[in-house]
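Asks: What follows is a single structure, and I will ask about it in a moment.
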Number of protein chains: 2
Amino acid sequence: MTRLTVRIDFEGSRRLGPGKIALLEAIGATGSITGAAKALGMSYRRAWVLLEETNALFTTPVSETAQGGRQGGGASLTSFGEEIVTRYRSVETALLRSAQGDVRFLEQHLRAGG
Amino acid sequence: MTRLTVRIDFEGSRRLGPGKIALLEAIGATGSITGAAKALGMSYRRAWVLLEETNALFTTPVSETAQGGRQGGGASLTSFGEEIVTRYRSVETALLRSAQGDVRFLEQHLRAGG
C-alpha cells in the first residue's frame, strides 16, 4: 500500500509531522508517555522530548500529565491536542482523496519488486 | 511562511519526496547533474546517487544523460520525468488548497517567535 505523509514547516524551523502526531495519538490511546513510547518503539526520553517540542510549538498545551511524575503518572491530550490530531488527519485524508489519480499513475509506473 | 510537504512511500521502502523532486527540477533547470548539485548545495556524488534511486523506482527513466559522462556531460529530464514533477507539484498544490483552513488554525495557535 502506498502511503502519503504530510509535513508542516512553520517559520523558524518549527515542524509538525507524522512523528509528533503519532505520539499524540499514542498518548491518547495509552494514557501515558511510557505507554506511548512503548507502542511506538521509542525510549521514554525520546517520547518526552518530542512531546515537549510539540507543546513548545503552540500557545496552548497539547497534553497534560497527572501526578506521579516521570515514572508512574498518566498523560492525556487536552482538547486542543485532540484538535491538532483531528485537523492533521483530516488534512491527510483530503490529500489522499485529491492525490488518488496521481498516486495511481505513479504506482502503474513503479518497477516490480522493490 | 508555513510550508507543506508531501512524502510518498511506496511498498518496499521506496520513497518519493521533496528531495528527489527538487533534484529533478534542478536538473531540468540547469541541464546537468553538476549544475543541479551546485544549485541544491549537495555533492555531485549525492545528487548522482539520488538520481539513480529515482530512476530505479520506475519502469521508465526520469532522466537521460548526454555524452561526456561523469564530468562534462549534460543531463535532462525525460517527458516521464517531467510528468513526475508536474504530478507531484499538483498534489502539493491541491494539498495547500484543501489544508488552508487547518494551516491557518495552527498558525493562529503558534507560539510567537520560534
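Rundown of residues vs (1) within 14 Å of another protein chain (Cβ to nearest Cβ); (2) under 17 Å from B:Glu107 (Cα atoms); (3) touching a residue at least 60 places away in the same chain (Cβ under 8 Å), yes/no style:
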| position | (1), (2), (3) |
| --- | --- |
| A:Met1 | yes, no, no |
| A:Gly28 | no, no, no |
| A:Ile33 | no, no, no |
| A:Arg46 | no, no, no |
| A:Asn55 | yes, yes, no |
| A:Glu64 | no, no, no |
| A:Ala75 | no, no, no |
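Asks: Would you point out which residue out of A:Ala94, A:Ala99, A:Ala29 is over 30 Å from B:Arg89 (Cβ atoms) and either outside any loop (DSSP other than H, G, I, E, B) or among the small types (Gly, Ala, Ser) (or both)?
Replies: Values: A:Ala94 fails: over 30 Å from B:Arg89 (Cβ atoms); A:Ala99 fails: over 30 Å from B:Arg89 (Cβ atoms).
Answer to the check: A:Ala29.
Asks: Name every residue in the range B:3-21 that is assigned to a strand (DSSP E or B) and either open to solvent by 30 Å² or more (accessible area, probe 1.4 Å) or over 15 Å from B:Val62 (Cα atoms) (or both), in order of residue number. Don't jump to the end; show me each part of the working.
Replies: Kept after step one, since they are assigned to a strand (DSSP E or B), are these residues of the range B:3-21: B:3-10, B:14-16.
B:Arg3, B:Leu4, B:Thr5, B:Val6, B:Arg7, B:Ile8, B:Asp9, B:Phe10, B:Arg14, B:Arg15, listed by residue number.
Asks: Separate question: Kindly establish whether B:Ser43 is of a type outside the set (Asp, Glu) and at pLDDT 95 or above.
Replies: Numbers: of a type outside the set (Asp, Glu): yes; at pLDDT 95 or above: yes.
So B:Ser43 fits the description; yes.
Asks: Specify the residue that is least open to solvent (accessible area, probe 1.4 Å); the eligible residues are those in the range A:84-103 that are without any contact (Cβ under 8 Å) to a residue 12 or more places away in the chain and within 30 Å of A:Glu52 (Cβ to Cβ).
Replies: Residues of the range A:84-103 that are without any contact (Cβ under 8 Å) to a residue 12 or more places away in the chain, as a first pass: A:86-87, A:90, A:93-94, A:97-98, A:100-102.
Subsequent filtering for residues that are within 30 Å of A:Glu52 (Cβ to Cβ) retains A:86-87, A:90, A:93-94.
On the way: A:Thr86: 90, A:Arg87: 60, A:Ser90: 55, A:Thr93: 67, A:Ala94: 24 Å².
The residue in question is A:Ala94.
Asks: Further question on the same structure: Please pick out the residue among A:Gly74, A:Gly114, A:Gly69, A:Gly81 that is of a type outside the set (Val, Ile, Thr), at pLDDT below 95 and open to solvent by less than 40 Å² (accessible area, probe 1.4 Å).
Replies: Numbers: A:Gly114 fails: open to solvent by less than 40 Å² (accessible area, probe 1.4 Å); A:Gly69 fails: open to solvent by less than 40 Å² (accessible area, probe 1.4 Å); A:Gly81 fails: at pLDDT below 95.
So the residue among A:Gly74, A:Gly114, A:Gly69, A:Gly81 that is of a type outside the set (Val, Ile, Thr), at pLDDT below 95 and open to solvent by less than 40 Å² (accessible area, probe 1.4 Å) is A:Gly74.
Asks: Determine which member of the set A:Leu106, A:Leu24 is touching a Phe, Trp or Tyr at 6+ places or on another chain (Cβ under 9 Å), part of a helix (DSSP H, G or I), within 12 Å of chain B (Cβ to nearest Cβ) and open to solvent by less than 20 Å² (accessible area, probe 1.4 Å).
Replies: Values: A:Leu24 fails: within 12 Å of chain B (Cβ to nearest Cβ).
Sole residue among the options that is touching a Phe, Trp or Tyr at 6+ places or on another chain (Cβ under 9 Å), part of a helix (DSSP H, G or I), within 12 Å of chain B (Cβ to nearest Cβ) and open to solvent by less than 20 Å² (accessible area, probe 1.4 Å): A:Leu106.
Asks: Within the range A:88-97, does at least one residue satisfy the condition of being of a type in the set (S, T, N, Q), within 18 Å of B:Asp102 (Cα to Cα) and more than 12 Å from the chain's Cα centre (by Cα)? Can you show your working first?
Replies: Going through the range A:88-97, the residues of a type in the set (S, T, N, Q) turn out to be A:90, A:93.
Remaining after also requiring within 18 Å of B:Asp102 (Cα to Cα): A:90, A:93.
Among the residues that remain, those that are also more than 12 Å from the chain's Cα centre (by Cα) are: A:90, A:93.
Checking the range A:88-97: at least one residue is of a type in the set (S, T, N, Q), within 18 Å of B:Asp102 (Cα to Cα) and more than 12 Å from the chain's Cα centre (by Cα).
Asks: I'd like to check something: does the range A:43-57 contain any residue that is open to solvent by 70 Å² or more (accessible area, probe 1.4 Å) and aromatic (Phe, Trp, Tyr)? Spell out how you get there, then give the answer.
Replies: Of the residues in the range A:43-57, the ones open to solvent by 70 Å² or more (accessible area, probe 1.4 Å) are A:45-46, A:48, A:52-53.
Filter once more, keeping what is aromatic (Phe, Trp, Tyr): A:48.
Yes, the range A:43-57 contains a residue that is open to solvent by 70 Å² or more (accessible area, probe 1.4 Å) and aromatic (Phe, Trp, Tyr).
The values are calculated or read from the model by the stated rules, or taken from the named source; none is laboratory data. Since this is a predicted model, take the numbers as computed values, not measurements. When we count neighbours, we look across all protein chains shown, and the Cβ atoms used for this are built from the backbone with ideal geometry, even at glycine. For the accessible areas, the whole protein counts, side chains as well, though only heavy atoms, and no ligand, DNA or RNA atoms are used. Shrake-Rupley method; radii C 1.70, N 1.55, O 1.52, S 1.80 Å.
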